[in-house]
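Worksheet: the structure to be examined is printed underneath.
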Amino acid sequence: MSYEIKLDIFQGPLDLLLYLIKKNEIDIYNIPIALVTKQYLEYLDLMKAMNLDVAGEYLVMASALIHIKSRMLLPVHEDEEEPVDPRDELTRQLLEYQTFKAAALKLEAMNILGRDVFRRPEPGEDDRDDDNRPLEEVNIFQLVEAFRQIVSSMVAGELMEIDSERMSLSDRINEIMEQLTKEKVLTFLELLGDTNDRLKVIYTFLALLELMKLRVIKAYQAEQFGTIRIYLAVEE
């Protein structure tokens, strides 16, 4: 049982790097390679621990980051007139990727205008929405970050291997669909309930990934690192 991290437009290693840059409020023209490399590798380890299939392109990027980091540690020779910044090529790729992704998302939004749109509850209709900020769709890395925070708040210990005999992923998917059909919208934490069972947390995460991949559900939040809310992709 494995899941490839590719759900929306252009999901991949450059998406993860852009997410880390945004998360740390980093200047894309002056990327602290040591910090980004460390966090990038942490994300790869977490995805592997969750039985997610990390595509080879993620590993290639990890090697590239480590190579850039090692080059930046080398002393600069005095005879070099204009030393080349090892980060220049990565910055160029990120800027180019960011431009094309923005254009692709704009085109996609034009195609789905008026279809995949959710109405915000009126005041008093749902007290979980206490501001008027527009909801933005959550990407896979934001979901991974929410998962990491939940797991880190639980009792310390390594993530256990998933035992398919103890819990069925299809059963967890059905449970989530039943909850969403009844409640219409649920937060990530509400889906977990008061459980301290890491196995249920992992299966809930994998079920959400599968449902997002099938375009059955969508995840939104009003602000970066804010509460993640899960909706049915097509409201009944």
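Values quoted throughout were computed directly from the atomic coordinates according to the rules given, and no laboratory measurement underlies them. Quick caveat: nothing in here was measured; it's all calculated off a predicted structure. No Cβ is skipped: glycine too gets one built from the backbone with ideal geometry, and neighbour counts run over all protein chains shown.
The chymotrypsin sites (Phe, Trp or Tyr not before Pro) of the range 23-72 that DSSP puts in a loop, and whose beta carbon has at most 16 other beta carbons within 10 Å, are TYR29. In this structure, GLU57 and GLU89 have a Cβ-Cβ separation that, at R0 = 22 Å, corresponds to a calculated FRET efficiency of about 0.85. Could you calculate the FRET efficiency of ALA34 with GLU190 from 1/(1 + (r/R0)^6), where r is the beta carbon distance between them and R0 is 30 Å, rounded to 0.05? Using R0 = 30 Å, I get an efficiency of 0.20.
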